[in-house]
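The values are calculated or read from the model by the stated rules, or taken from the named source; none is laboratory data. Bear in mind that the values here come from a model prediction, so they are computed numbers and not experimental data. Don't worry about glycine lacking a Cβ; one is built from the backbone with ideal geometry, like all the others, and counts go over all protein chains shown. These accessible areas exclude ligands, DNA and RNA; they are computed on the full protein's heavy atoms, side chains included. Shrake-Rupley method; radii C 1.70, N 1.55, O 1.52, S 1.80 Å.
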Amino acid sequence: MKPFDYLAPADAAEAVRSVAANPDAVFLGGGTNLVDHLKLGVAEPGLVVGLAGLLPSGIEELDDGALRIGAGVSNSDLAADPRVRERFPVLSQALLSGASGQLRNMATVGGNPLQRTRCVYFQDVTTPCNKREPGSGCSAIGGWTRHHAVLGASEHCIAVHPSDMAVAMAALDARVRTLGPAGERAIPFVELHRLPGDAPERDTALEHGELITAIDLPAQPIARRSAYHKVRDRASYAFALVSVAAAIEVEGGVIRDARIAFGGVAHAPWRARRAEEALRGAPASDGSYRAAADAELTDARPAEGLDGGNAFKIPLLRRTLTATLRDLAGEDPR
Amino acid sequence: MQREITVRVDGTARPLTVDTRTTLLDALRERLGITSPKKGCDHGQCGACTVLSGGRRVLSCLTLAVTQDGAEVVTAEGLAPGAAGAGQQLEGGLHPVQRAFVDCDALQCGYCTPGQVVSAVGALDEFAAGWPSAVTEGPGAPGLDRAEVAERMSGNLCRCAAYVNIVTAVLRAATSLPAGPTAGKEVDG
(Lines give C-alpha, C1' and ligand atoms only; values in the text may rest on other atoms or scores of the structure.)
Protein backbone atom coordinates (compact mmCIF):
# COMPACT_ATOMS: atom_id res chain seq x y z
CA MET A 1 0.00 0.00 0.00
CA LYS A 2 1.30 3.44 -0.93
CA PRO A 3 2.11 5.59 2.16
CA PHE A 4 -0.40 8.32 3.00
CA ASP A 5 -0.78 11.01 5.60
CA TYR A 6 -3.83 10.95 7.87
CA LEU A 7 -5.72 13.96 9.17
CA ALA A 8 -8.48 14.02 11.79
CA PRO A 9 -9.89 17.55 11.32
CA ALA A 10 -11.72 19.51 14.02
CA ASP A 11 -14.87 19.99 11.96
CA ALA A 12 -16.49 19.41 8.56
CA ALA A 13 -15.34 22.81 7.26
CA GLU A 14 -11.71 21.94 7.94
CA ALA A 15 -12.23 18.54 6.30
CA VAL A 16 -13.57 20.23 3.15
CA ARG A 17 -10.74 22.79 3.07
CA SER A 18 -8.15 20.05 3.51
CA VAL A 19 -9.44 17.87 0.69
CA ALA A 20 -10.27 20.77 -1.64
CA ALA A 21 -6.72 22.13 -1.31
CA ASN A 22 -5.08 18.82 -2.20
CA PRO A 23 -5.92 16.97 -5.46
CA ASP A 24 -4.37 13.86 -3.89
CA ALA A 25 -6.67 13.86 -0.82
CA VAL A 26 -9.77 11.76 -0.09
CA PHE A 27 -12.45 11.67 2.60
CA LEU A 28 -12.70 8.54 4.77
CA GLY A 29 -16.22 7.71 6.02
CA GLY A 30 -16.98 4.19 7.24
CA GLY A 31 -14.09 2.94 5.11
CA THR A 32 -15.79 -0.24 3.93
CA ASN A 33 -14.96 0.46 0.28
CA LEU A 34 -12.03 2.90 0.48
CA VAL A 35 -9.87 0.79 2.81
CA ASP A 36 -10.30 -2.16 0.46
CA HIS A 37 -9.29 0.08 -2.46
CA LEU A 38 -6.17 1.18 -0.57
CA LYS A 39 -5.20 -2.49 -0.25
CA LEU A 40 -6.00 -3.28 -3.88
CA GLY A 41 -4.16 -0.23 -5.23
CA VAL A 42 -7.38 1.06 -6.81
CA ALA A 43 -7.03 4.21 -4.67
CA GLU A 44 -3.61 5.70 -3.94
CA PRO A 45 -4.23 8.96 -2.07
CA GLY A 46 -1.47 11.01 -0.48
CA LEU A 47 -3.79 12.27 2.26
CA VAL A 48 -6.73 10.55 3.95
CA VAL A 49 -9.09 12.87 5.84
CA GLY A 50 -11.11 11.07 8.51
CA LEU A 51 -14.73 12.13 8.99
CA ALA A 52 -15.59 10.16 12.15
CA GLY A 53 -17.59 12.34 14.52
CA LEU A 54 -17.65 15.37 12.19
CA LEU A 55 -20.97 14.83 10.45
CA PRO A 56 -24.51 14.91 11.86
CA SER A 57 -25.41 11.44 13.14
CA GLY A 58 -29.08 12.07 13.88
CA ILE A 59 -32.34 11.96 11.94
CA GLU A 60 -34.21 15.25 12.24
CA GLU A 61 -37.87 15.93 11.50
CA LEU A 62 -38.28 19.17 9.50
CA ASP A 63 -41.31 21.49 9.68
CA ASP A 64 -42.69 20.27 6.33
CA GLY A 65 -42.61 16.65 7.52
CA ALA A 66 -39.41 15.76 5.68
CA LEU A 67 -36.72 13.70 7.40
CA ARG A 68 -33.19 15.10 7.36
CA ILE A 69 -30.76 12.21 7.67
CA GLY A 70 -27.29 13.22 8.84
CA ALA A 71 -24.48 11.94 6.64
CA GLY A 72 -22.87 10.34 9.69
CA VAL A 73 -25.89 8.11 10.43
CA SER A 74 -24.96 4.45 10.01
CA ASN A 75 -26.85 2.23 7.57
CA SER A 76 -27.93 0.13 10.58
CA ASP A 77 -29.40 3.05 12.50
CA LEU A 78 -31.24 4.37 9.46
CA ALA A 79 -32.73 0.95 8.65
CA ALA A 80 -33.94 0.49 12.24
CA ASP A 81 -35.42 3.98 12.68
CA PRO A 82 -39.16 3.54 13.43
CA ARG A 83 -40.10 6.59 11.30
CA VAL A 84 -38.22 5.21 8.31
CA ARG A 85 -39.72 1.72 8.76
CA GLU A 86 -43.24 3.17 8.92
CA ARG A 87 -43.10 5.95 6.34
CA PHE A 88 -40.44 4.65 3.92
CA PRO A 89 -40.35 0.83 4.19
CA VAL A 90 -38.62 0.67 0.79
CA LEU A 91 -35.61 2.48 2.27
CA SER A 92 -35.33 0.30 5.37
CA GLN A 93 -35.66 -2.84 3.23
CA ALA A 94 -33.06 -1.63 0.73
CA LEU A 95 -30.56 -0.91 3.50
CA LEU A 96 -31.13 -4.29 5.14
CA SER A 97 -30.74 -6.14 1.86
CA GLY A 98 -27.24 -4.69 1.43
CA ALA A 99 -23.94 -6.00 2.80
CA SER A 100 -23.76 -7.66 6.25
CA GLY A 101 -24.51 -6.65 9.83
CA GLN A 102 -20.89 -5.66 10.43
CA LEU A 103 -20.67 -3.58 7.26
CA ARG A 104 -24.00 -1.84 7.89
CA ASN A 105 -22.69 -0.78 11.32
CA MET A 106 -19.64 0.80 9.67
CA ALA A 107 -21.22 2.24 6.52
CA THR A 108 -22.63 5.78 6.57
CA VAL A 109 -25.47 7.48 4.74
CA GLY A 110 -23.04 9.99 3.24
CA GLY A 111 -20.53 7.38 2.14
CA ASN A 112 -22.92 4.74 0.81
CA PRO A 113 -23.94 6.61 -2.38
CA LEU A 114 -20.25 7.32 -3.08
CA GLN A 115 -19.07 3.71 -2.97
CA ARG A 116 -17.64 2.63 -6.28
CA THR A 117 -18.60 -0.12 -8.69
CA ARG A 118 -17.74 -3.72 -7.83
CA CYS A 119 -16.89 -4.41 -11.50
CA VAL A 120 -14.16 -7.04 -11.19
CA TYR A 121 -12.04 -5.32 -13.80
CA PHE A 122 -12.24 -1.96 -12.02
CA GLN A 123 -10.99 -3.69 -8.87
CA ASP A 124 -8.18 -5.56 -10.63
CA VAL A 125 -5.35 -3.10 -11.34
CA THR A 126 -3.72 -5.52 -13.80
CA THR A 127 -6.58 -5.11 -16.31
CA PRO A 128 -7.50 -2.10 -18.49
CA CYS A 129 -10.37 -0.01 -17.12
CA ASN A 130 -11.53 3.40 -18.30
CA LYS A 131 -13.00 4.20 -14.90
CA ARG A 132 -9.76 3.50 -13.02
CA GLU A 133 -7.38 4.63 -15.78
CA PRO A 134 -9.11 6.79 -18.38
CA GLY A 135 -8.28 5.81 -21.94
CA SER A 136 -6.97 2.34 -21.08
CA GLY A 137 -10.06 0.54 -22.41
CA CYS A 138 -12.95 -1.47 -20.95
CA SER A 139 -12.21 -5.10 -20.07
CA ALA A 140 -15.82 -5.82 -19.19
CA ILE A 141 -17.03 -5.31 -22.77
CA GLY A 142 -16.79 -8.80 -24.19
CA GLY A 143 -15.60 -10.10 -20.82
CA TRP A 144 -17.54 -11.34 -17.78
CA THR A 145 -20.75 -9.36 -17.90
CA ARG A 146 -23.15 -11.07 -15.50
CA HIS A 147 -23.01 -8.12 -13.09
CA HIS A 148 -22.93 -5.37 -15.69
CA ALA A 149 -25.31 -2.79 -17.14
CA VAL A 150 -28.20 -3.13 -19.57
CA LEU A 151 -29.34 0.50 -19.36
CA GLY A 152 -27.45 3.74 -19.98
CA ALA A 153 -24.03 2.15 -20.61
CA SER A 154 -21.49 3.53 -23.07
CA GLU A 155 -18.77 2.12 -25.31
CA HIS A 156 -16.33 3.19 -22.58
CA CYS A 157 -17.88 1.57 -19.51
CA ILE A 158 -20.65 -0.92 -18.68
CA ALA A 159 -20.20 -0.92 -14.88
CA VAL A 160 -23.18 -0.70 -12.50
CA HIS A 161 -23.60 1.21 -9.27
CA PRO A 162 -23.64 -1.23 -6.35
CA SER A 163 -25.69 0.58 -3.69
CA ASP A 164 -29.13 -0.65 -2.64
CA MET A 165 -29.85 2.39 -0.46
CA ALA A 166 -29.29 4.68 -3.45
CA VAL A 167 -32.01 2.91 -5.47
CA ALA A 168 -34.57 3.63 -2.75
CA MET A 169 -33.35 7.23 -2.41
CA ALA A 170 -33.73 7.73 -6.17
CA ALA A 171 -37.32 6.45 -6.06
CA LEU A 172 -38.17 8.66 -3.06
CA ASP A 173 -37.14 12.02 -4.60
CA ALA A 174 -34.50 12.50 -1.93
CA ARG A 175 -32.24 15.56 -1.97
CA VAL A 176 -28.54 15.56 -1.20
CA ARG A 177 -27.12 18.40 0.91
CA THR A 178 -23.43 19.13 0.50
CA LEU A 179 -20.70 21.38 1.82
CA GLY A 180 -18.01 22.25 -0.71
CA PRO A 181 -15.26 24.78 -1.23
CA ALA A 182 -17.91 27.11 -2.74
CA GLY A 183 -20.32 26.64 0.18
CA GLU A 184 -23.50 24.64 0.70
CA ARG A 185 -25.87 23.38 -1.97
CA ALA A 186 -28.68 20.86 -2.38
CA ILE A 187 -29.09 18.62 -5.42
CA PRO A 188 -31.77 16.08 -6.33
CA PHE A 189 -30.56 12.57 -5.49
CA VAL A 190 -31.31 11.46 -9.07
CA GLU A 191 -28.78 14.03 -10.29
CA LEU A 192 -26.01 12.86 -7.94
CA HIS A 193 -24.87 9.92 -10.06
CA ARG A 194 -23.75 10.23 -13.70
CA LEU A 195 -24.04 7.86 -16.61
CA PRO A 196 -20.59 6.86 -17.89
CA GLY A 197 -20.63 8.54 -21.32
CA ASP A 198 -17.08 9.33 -22.32
CA ALA A 199 -15.96 10.11 -18.75
CA PRO A 200 -16.60 6.94 -16.72
CA GLU A 201 -13.91 7.99 -14.23
CA ARG A 202 -16.48 10.42 -12.80
CA ASP A 203 -19.14 8.61 -10.78
CA THR A 204 -21.01 11.66 -9.48
CA ALA A 205 -21.75 15.34 -9.98
CA LEU A 206 -19.79 16.29 -6.83
CA GLU A 207 -16.68 18.44 -7.11
CA HIS A 208 -13.39 17.44 -5.51
CA GLY A 209 -13.63 18.37 -1.85
CA GLU A 210 -17.43 18.50 -1.83
CA LEU A 211 -18.82 16.60 1.13
CA ILE A 212 -22.32 15.14 1.61
CA THR A 213 -23.62 16.44 4.96
CA ALA A 214 -27.21 15.14 4.90
CA ILE A 215 -29.90 13.59 2.75
CA ASP A 216 -33.46 14.96 2.94
CA LEU A 217 -36.44 12.68 2.39
CA PRO A 218 -39.57 14.69 1.55
CA ALA A 219 -42.84 13.62 3.18
CA GLN A 220 -44.88 11.52 0.74
CA PRO A 221 -47.84 9.38 1.72
CA ILE A 222 -47.31 7.11 -1.30
CA ALA A 223 -44.10 5.79 0.24
CA ARG A 224 -45.98 4.09 3.07
CA ARG A 225 -46.94 1.43 0.54
CA SER A 226 -43.48 0.69 -0.81
CA ALA A 227 -41.03 -2.17 -1.06
CA TYR A 228 -37.54 -3.15 -2.22
CA HIS A 229 -37.06 -6.42 -4.06
CA LYS A 230 -33.51 -7.60 -4.71
CA VAL A 231 -32.50 -10.60 -6.82
CA ARG A 232 -28.99 -12.00 -6.35
CA ASP A 233 -26.85 -15.11 -6.69
CA ARG A 234 -27.24 -16.11 -3.04
CA ALA A 235 -29.88 -15.43 -0.41
CA SER A 236 -27.91 -12.81 1.54
CA TYR A 237 -24.72 -10.75 1.48
CA ALA A 238 -24.37 -10.35 -2.28
CA PHE A 239 -24.76 -7.53 -4.76
CA ALA A 240 -27.90 -7.25 -6.86
CA LEU A 241 -28.27 -8.80 -10.28
CA VAL A 242 -31.37 -6.64 -10.52
CA SER A 243 -33.39 -4.82 -7.89
CA VAL A 244 -36.61 -2.82 -7.80
CA ALA A 245 -37.62 -0.02 -5.44
CA ALA A 246 -41.31 0.75 -5.81
CA ALA A 247 -44.09 2.75 -4.18
CA ILE A 248 -47.65 2.67 -5.44
CA GLU A 249 -51.00 4.32 -4.80
CA VAL A 250 -54.06 2.31 -5.83
CA GLU A 251 -57.69 3.43 -5.62
CA GLY A 252 -60.63 1.31 -6.78
CA GLY A 253 -58.39 -1.04 -8.70
CA VAL A 254 -56.73 1.81 -10.59
CA ILE A 255 -53.13 2.94 -10.14
CA ARG A 256 -53.19 6.60 -9.20
CA ASP A 257 -49.44 7.13 -8.86
CA ALA A 258 -46.15 5.23 -8.68
CA ARG A 259 -42.47 5.71 -7.85
CA ILE A 260 -40.05 3.22 -9.34
CA ALA A 261 -36.28 2.83 -9.52
CA PHE A 262 -34.04 -0.04 -10.63
CA GLY A 263 -30.69 -1.20 -9.25
CA GLY A 264 -28.01 -3.49 -10.64
CA VAL A 265 -28.66 -2.46 -14.23
CA ALA A 266 -26.95 0.90 -14.77
CA HIS A 267 -24.05 3.17 -13.84
CA ALA A 268 -26.50 5.07 -11.64
CA PRO A 269 -29.59 4.13 -9.67
CA TRP A 270 -32.16 4.08 -12.49
CA ARG A 271 -35.30 6.13 -11.89
CA ALA A 272 -37.93 4.51 -14.12
CA ARG A 273 -40.06 7.51 -15.09
CA ARG A 274 -41.40 5.89 -18.27
CA ALA A 275 -42.68 2.98 -16.23
CA GLU A 276 -44.27 5.38 -13.73
CA GLU A 277 -45.98 7.25 -16.56
CA ALA A 278 -47.30 4.01 -18.06
CA LEU A 279 -48.76 2.99 -14.70
CA ARG A 280 -50.65 6.20 -13.90
CA GLY A 281 -54.35 5.59 -14.59
CA ALA A 282 -53.83 1.96 -15.59
CA PRO A 283 -55.69 -0.92 -13.95
CA ALA A 284 -53.75 -2.61 -11.14
CA SER A 285 -53.03 -5.80 -13.09
CA ASP A 286 -50.08 -7.91 -14.20
CA GLY A 287 -50.65 -6.71 -17.75
CA SER A 288 -50.15 -3.10 -16.65
CA TYR A 289 -47.02 -3.98 -14.68
CA ARG A 290 -45.48 -5.83 -17.62
CA ALA A 291 -46.36 -2.98 -19.98
CA ALA A 292 -44.71 -0.52 -17.57
CA ALA A 293 -41.55 -2.64 -17.51
CA ASP A 294 -41.54 -2.84 -21.30
CA ALA A 295 -41.95 0.94 -21.57
CA GLU A 296 -38.84 1.43 -19.43
CA LEU A 297 -36.82 -1.34 -21.04
CA THR A 298 -37.31 -0.26 -24.68
CA ASP A 299 -33.77 1.07 -24.75
CA ALA A 300 -32.21 -1.77 -22.74
CA ARG A 301 -29.14 -3.23 -24.42
CA PRO A 302 -27.64 -6.42 -22.98
CA ALA A 303 -23.87 -6.91 -23.03
CA GLU A 304 -22.39 -9.87 -24.86
CA GLY A 305 -19.70 -11.62 -22.90
CA LEU A 306 -17.56 -14.66 -22.22
CA ASP A 307 -20.18 -15.83 -19.75
CA GLY A 308 -23.03 -15.76 -22.27
CA GLY A 309 -23.83 -12.12 -21.66
CA ASN A 310 -26.39 -10.51 -19.42
CA ALA A 311 -29.53 -10.53 -21.59
CA PHE A 312 -31.20 -12.50 -18.77
CA LYS A 313 -31.43 -9.26 -16.80
CA ILE A 314 -34.18 -7.86 -19.04
CA PRO A 315 -36.84 -10.56 -18.46
CA LEU A 316 -35.63 -10.88 -14.85
CA LEU A 317 -36.20 -7.18 -14.26
CA ARG A 318 -39.62 -7.31 -15.95
CA ARG A 319 -40.68 -10.18 -13.70
CA THR A 320 -39.21 -8.58 -10.57
CA LEU A 321 -41.07 -5.33 -11.22
CA THR A 322 -44.31 -7.22 -11.90
CA ALA A 323 -44.02 -9.28 -8.71
CA THR A 324 -43.13 -6.24 -6.60
CA LEU A 325 -46.08 -4.18 -7.88
CA ARG A 326 -48.48 -7.12 -7.60
CA ASP A 327 -47.51 -7.58 -3.93
CA LEU A 328 -47.84 -3.86 -3.21
CA ALA A 329 -51.19 -3.48 -4.95
CA GLY A 330 -52.59 -6.39 -2.97
CA GLU A 331 -51.39 -4.97 0.31
CA ASP A 332 -53.55 -2.95 2.67
CA PRO A 333 -52.01 0.51 2.98
CA ARG A 334 -50.54 1.01 6.41
CA MET B 1 3.83 7.88 8.34
CA GLN B 2 3.43 7.19 12.03
CA ARG B 3 0.71 8.15 14.48
CA GLU B 4 0.41 7.62 18.21
CA ILE B 5 -2.91 6.18 19.31
CA THR B 6 -4.38 4.55 22.40
CA VAL B 7 -7.00 1.84 21.95
CA ARG B 8 -8.74 0.12 24.84
CA VAL B 9 -8.69 -3.56 23.94
CA ASP B 10 -10.59 -6.06 26.08
CA GLY B 11 -10.63 -3.57 28.94
CA THR B 12 -6.97 -2.56 28.87
CA ALA B 13 -5.59 0.71 27.46
CA ARG B 14 -2.99 -0.11 24.79
CA PRO B 15 -0.86 2.83 23.59
CA LEU B 16 0.65 2.22 20.17
CA THR B 17 2.61 3.92 17.44
CA VAL B 18 1.20 2.77 14.10
CA ASP B 19 1.84 3.39 10.44
CA THR B 20 -1.23 5.16 9.02
CA ARG B 21 -1.73 2.17 6.69
CA THR B 22 -2.14 -0.34 9.55
CA THR B 23 -5.56 -1.91 9.90
CA LEU B 24 -7.06 -2.53 13.32
CA LEU B 25 -6.77 -6.26 12.55
CA ASP B 26 -3.01 -6.05 11.96
CA ALA B 27 -2.52 -3.80 15.00
CA LEU B 28 -4.31 -6.35 17.19
CA ARG B 29 -2.56 -9.41 15.79
CA GLU B 30 0.92 -8.22 14.88
CA ARG B 31 1.49 -5.44 17.41
CA LEU B 32 -0.52 -6.51 20.45
CA GLY B 33 -0.38 -10.29 20.06
CA ILE B 34 -4.16 -10.57 20.23
CA THR B 35 -4.69 -13.29 17.66
CA SER B 36 -8.32 -14.26 18.16
CA PRO B 37 -9.48 -11.93 15.35
CA LYS B 38 -8.49 -13.90 12.26
CA LYS B 39 -7.34 -12.76 8.84
CA GLY B 40 -9.51 -14.74 6.46
CA CYS B 41 -9.97 -12.70 3.28
CA ASP B 42 -8.67 -9.29 4.46
CA HIS B 43 -11.27 -7.69 2.15
CA GLY B 44 -14.43 -7.56 4.24
CA GLN B 45 -16.01 -10.63 2.70
CA CYS B 46 -15.63 -13.36 5.36
CA GLY B 47 -16.21 -11.89 8.85
CA ALA B 48 -13.34 -13.79 10.53
CA CYS B 49 -11.87 -10.49 11.79
CA THR B 50 -15.09 -9.31 13.51
CA VAL B 51 -14.62 -7.33 16.75
CA LEU B 52 -16.84 -4.98 18.73
CA SER B 53 -15.90 -1.30 18.55
CA GLY B 54 -17.98 1.03 20.69
CA GLY B 55 -20.21 -1.98 21.42
CA ARG B 56 -21.03 -2.69 17.76
CA ARG B 57 -19.74 -5.49 15.57
CA VAL B 58 -17.41 -4.26 12.84
CA LEU B 59 -14.77 -5.67 10.49
CA SER B 60 -11.28 -4.95 11.84
CA CYS B 61 -9.70 -5.67 8.42
CA LEU B 62 -11.51 -2.67 6.88
CA THR B 63 -10.86 -0.36 9.85
CA LEU B 64 -7.73 1.79 9.88
CA ALA B 65 -6.10 1.69 13.33
CA VAL B 66 -5.63 5.50 13.29
CA THR B 67 -9.41 5.90 13.33
CA GLN B 68 -9.65 3.89 16.56
CA ASP B 69 -7.75 6.30 18.82
CA GLY B 70 -9.77 6.30 22.06
CA ALA B 71 -12.04 3.47 20.91
CA GLU B 72 -13.23 0.61 23.12
CA VAL B 73 -12.53 -2.63 21.26
CA VAL B 74 -13.63 -6.10 22.40
CA THR B 75 -12.36 -9.30 20.81
CA ALA B 76 -13.48 -12.89 21.39
CA GLU B 77 -10.85 -13.03 24.17
CA GLY B 78 -12.50 -10.22 26.09
CA LEU B 79 -16.15 -11.28 25.89
CA ALA B 80 -16.37 -13.37 29.05
CA PRO B 81 -16.94 -11.58 32.35
CA GLY B 82 -13.55 -11.22 34.02
CA ALA B 83 -11.66 -12.24 30.91
CA ALA B 84 -8.12 -10.95 31.20
CA GLY B 85 -7.55 -10.69 27.48
CA ALA B 86 -4.59 -11.74 25.39
CA GLY B 87 -3.07 -15.10 26.12
CA GLN B 88 -5.03 -15.84 29.29
CA GLN B 89 -6.73 -19.16 29.85
CA LEU B 90 -10.47 -18.84 30.32
CA GLU B 91 -11.02 -21.72 32.74
CA GLY B 92 -14.78 -22.09 32.81
CA GLY B 93 -15.18 -18.37 32.20
CA LEU B 94 -17.06 -18.40 28.95
CA HIS B 95 -19.56 -15.92 27.58
CA PRO B 96 -22.98 -17.57 27.05
CA VAL B 97 -22.46 -17.40 23.29
CA GLN B 98 -19.09 -19.15 23.62
CA ARG B 99 -20.66 -21.76 25.94
CA ALA B 100 -23.43 -22.37 23.38
CA PHE B 101 -20.90 -22.82 20.53
CA VAL B 102 -19.12 -25.49 22.62
CA ASP B 103 -22.34 -27.20 23.70
CA CYS B 104 -23.81 -27.25 20.19
CA ASP B 105 -20.59 -28.34 18.44
CA ALA B 106 -20.87 -25.23 16.29
CA LEU B 107 -17.47 -25.55 14.61
CA GLN B 108 -15.11 -27.87 12.85
CA CYS B 109 -11.68 -26.29 12.22
CA GLY B 110 -12.46 -23.30 14.43
CA TYR B 111 -10.75 -20.65 12.32
CA CYS B 112 -13.90 -18.59 11.77
CA THR B 113 -15.18 -19.20 15.30
CA PRO B 114 -13.87 -16.10 17.14
CA GLY B 115 -15.44 -13.92 14.43
CA GLN B 116 -18.66 -15.93 14.54
CA VAL B 117 -18.87 -15.60 18.33
CA VAL B 118 -18.25 -11.85 18.39
CA SER B 119 -20.66 -11.36 15.51
CA ALA B 120 -23.32 -13.39 17.34
CA VAL B 121 -22.89 -11.25 20.47
CA GLY B 122 -23.33 -8.12 18.35
CA ALA B 123 -26.26 -9.62 16.45
CA LEU B 124 -28.10 -10.59 19.63
CA ASP B 125 -27.64 -7.07 21.00
CA GLU B 126 -29.08 -5.68 17.75
CA PHE B 127 -32.01 -8.07 17.98
CA ALA B 128 -32.60 -7.09 21.62
CA ALA B 129 -32.67 -3.43 20.54
CA GLY B 130 -35.51 -4.28 18.13
CA TRP B 131 -33.50 -3.87 14.94
CA PRO B 132 -35.16 -5.53 11.95
CA SER B 133 -33.36 -7.69 9.38
CA ALA B 134 -34.00 -8.32 5.69
CA VAL B 135 -36.24 -11.28 6.59
CA THR B 136 -38.28 -9.47 9.27
CA GLU B 137 -41.93 -9.25 8.18
CA GLY B 138 -43.87 -6.08 8.85
CA PRO B 139 -43.12 -3.03 10.95
CA GLY B 140 -43.02 -4.43 14.51
CA ALA B 141 -40.32 -5.94 16.70
CA PRO B 142 -38.75 -9.04 15.13
CA GLY B 143 -39.01 -12.56 16.54
CA LEU B 144 -35.96 -14.81 16.55
CA ASP B 145 -36.02 -17.98 14.47
CA ARG B 146 -33.53 -19.85 12.29
CA ALA B 147 -34.17 -17.64 9.27
CA GLU B 148 -33.54 -14.48 11.32
CA VAL B 149 -30.30 -15.88 12.76
CA ALA B 150 -29.05 -17.03 9.36
CA GLU B 151 -29.74 -13.63 7.83
CA ARG B 152 -28.19 -11.69 10.71
CA MET B 153 -25.08 -13.92 10.65
CA SER B 154 -24.68 -13.91 6.85
CA GLY B 155 -21.53 -11.77 7.08
CA ASN B 156 -19.63 -14.64 8.72
CA LEU B 157 -18.59 -17.41 6.36
CA CYS B 158 -17.68 -20.92 7.58
CA ARG B 159 -15.88 -22.94 4.94
CA CYS B 160 -16.36 -26.13 6.98
CA ALA B 161 -20.07 -25.29 6.61
CA ALA B 162 -20.90 -25.74 10.29
CA TYR B 163 -23.83 -23.38 9.74
CA VAL B 164 -26.53 -25.76 10.98
CA ASN B 165 -25.02 -25.90 14.46
CA ILE B 166 -23.93 -22.25 14.43
CA VAL B 167 -27.57 -21.22 13.98
CA THR B 168 -28.61 -23.60 16.76
CA ALA B 169 -25.89 -22.23 19.06
CA VAL B 170 -26.94 -18.61 18.49
CA LEU B 171 -30.57 -19.51 19.26
CA ARG B 172 -29.43 -21.43 22.35
CA ALA B 173 -27.38 -18.44 23.49
CA ALA B 174 -30.37 -16.15 22.99
CA THR B 175 -32.36 -18.17 25.52
CA SER B 176 -29.49 -18.64 27.99
CA LEU B 177 -28.43 -15.01 28.17
CA PRO B 178 -29.19 -13.34 31.50
CA ALA B 179 -32.58 -11.65 31.79
CA GLY B 180 -32.54 -8.52 29.69
CA PRO B 181 -34.08 -7.17 26.55
CA THR B 182 -33.45 -10.49 24.76
CA ALA B 183 -35.44 -12.53 27.28
CA GLY B 184 -39.02 -13.45 26.48
CA LYS B 185 -38.64 -13.22 22.71
CA GLU B 186 -40.03 -16.06 20.69
CA VAL B 187 -37.31 -18.61 20.04
CA ASP B 188 -37.64 -21.44 17.59
CA GLY B 189 -34.66 -23.73 18.14
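A compact table of results
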| item | result |
| --- | --- |
| Accessible surface, 1.4 Å probe, highest first, among residues A:126, A:178, B:17, A:32 | A:126, B:17, A:32, A:178 |
| Inter-label distance, nm, simple model (7 Å from Cα along the C-beta direction), residue A:173/residue B:30 | 5.2 nm |
| With at most 15 other Cβ atoms within 10 Å, longest stretch of chain B clear of loop GluC sites (Glu not before Pro) (DSSP) | B:1-90 |
| Amide hydrogen neighbours beyond the local backbone of residue A:213, cut-off 5 Å, H modeled | A:177, A:178, A:179 |
| Percentage of interatomic Cα-Cα distances in the protein assembly as shown larger than 39 Å | 25 percent |
| Table column - 3J(HN,Hα) (Hz), segment B:32-42, Karplus curve with 6.51, -1.76, 1.60, x for Gly and Pro | 9, x, 9, 9, 5, x, 9, 9, x, 9, 6 |
| Candidates per chymotrypsin sites (Phe, Trp or Tyr not before Pro) in segment A:233-334, loop by DSSP, up to 14 other Cβ within 10 Å | A:312 |
| Filtered trypsin sites (Lys or Arg not before Pro), segment A:192-248: DSSP coil and at most 11 other beta carbons within 10 Å | A:234 |
| For segment A:186-195, 3J(HN,Hα) per residue [Karplus equation, 6.51 cos²θ - 1.76 cosθ + 1.60, θ = phi - 60°, Hz, x = Gly/Pro] | 10, 10, x, 4, 5, 9, 6, 9, 9, 7 |
| Karplus-derived 3J(HN,Hα), 6.51/-1.76/1.60, for each residue of segment A:161-167, Hz, glycine and proline x | 7, x, 6, 7, 3, 5, 5 |
| Alpha carbon Rg of segment B:2-78, scaled by the compact-globule rule 2.2 N^0.38 Å | 0.95 |
| Distant alpha-carbon pairs in segment A:63-129 (separation over 13 angstrom), percent | 69 percent |
| Cα shape, segment A:1-151, gyration tensor, a/c 1.5 rule | oblate |
| Peptide-level mean, for B:52-65, of C-beta atoms on other protein chains within 10 Å | 5 |
| Estimated 222 nm signal from helices in the protein assembly as shown, with DSSP H stretches of n ≥ 4 weighted -39500 (n - 2.57), rounded to 500 | -7000 deg cm²/dmol |
| Average other protein chain Cβ within 10 Å of Cβ, residues A:239-246 | 0 |
| Inter-chain shielding of A:31-40 (mean C-beta neighbours from other protein chains, 10 Å cut-off) | 5 |
| Long-range HN-HN contacts of residue B:80 with modeled amide H, under 5 Å | B:95 |
| Most mobile of A:256, A:177, A:68 in a GNM of chain A (Cα contacts under 10 Å) | A:256 |
| Overall Cα dimensions of chain B, principal axis frame, Å, largest first | 50, 38, 32 |
| Spread of Cα-to-Cα distances over 5 Å intervals beginning at zero, given as percent, for segment A:221-329 | 2, 13, 23, 25, 17, 11, 6, 2, 1, 0 |
| Heavy atoms of residue B:158 accessible to a 1.4 Å probe, total area in Å² rounded to 10 | 0 Å² |
| Partners for residue A:313 among lysines (Cα-Cα distance below 29 Å; same-chain residues under 8 apart left out) | A:131, A:230 |
| Top of A:100, A:288, A:139 by mean-square fluctuation, Gaussian network on chain A, Cα under 10 Å | A:100 |
| Range of Cα positions in segment A:80-238 per principal axis (Å), largest first | 46, 44, 28 |
| Chains B and A together, accessible area buried on both sides, 1.4 angstrom probe, square angstrom | 3000 Å² |
| Computed log₁₀ I(q)/I(0) - Debye formula, equal Cα scatterers, no solvent, segment A:5-52, q 0.15, 0.21, 0.22, 0.29 Å⁻¹ | -0.35, -0.66, -0.72, -1.11 |
| Length-normalised contact order of segment A:131-181 in % [C-alpha pairs under 8 Å, at least 6 apart] | 27 percent |
| Percent RCO, i.e. relative contact order, over segment B:96-176, from Cα pairs under 8 Å lying at least 6 residues apart | 49 percent |
| Rounded percent of accessible protein surface that carbon and sulfur make up, the protein assembly as shown, 1.4 Å probe | 50 percent |
| Accessible surface, chain A, averaged per residue in Å² (probe 1.4 Å) | 39 Å² |
| Reachable lysines from residue B:39, criterion Cα separation under 23 angstrom, eight or more residues apart if same chain | A:2, A:39 |
| Length-normalised contact order for segment A:221-329 - Cα pairs under 8 Å, 6+ apart - percent | 24 percent |
| Per-pair calculated FRET efficiency, R0 = 22 Å: residue A:83 and residue A:256 via Cβ, rounded to 0.05 | 0.35 |
| Loop sites in segment A:96-146: trypsin sites (Lys or Arg not before Pro), DSSP, at most 16 other Cβ within 10 Å | A:118, A:146 |
| Principal axes of segment B:109-175: Cα extent on each, largest first, Å | 39, 19, 17 |
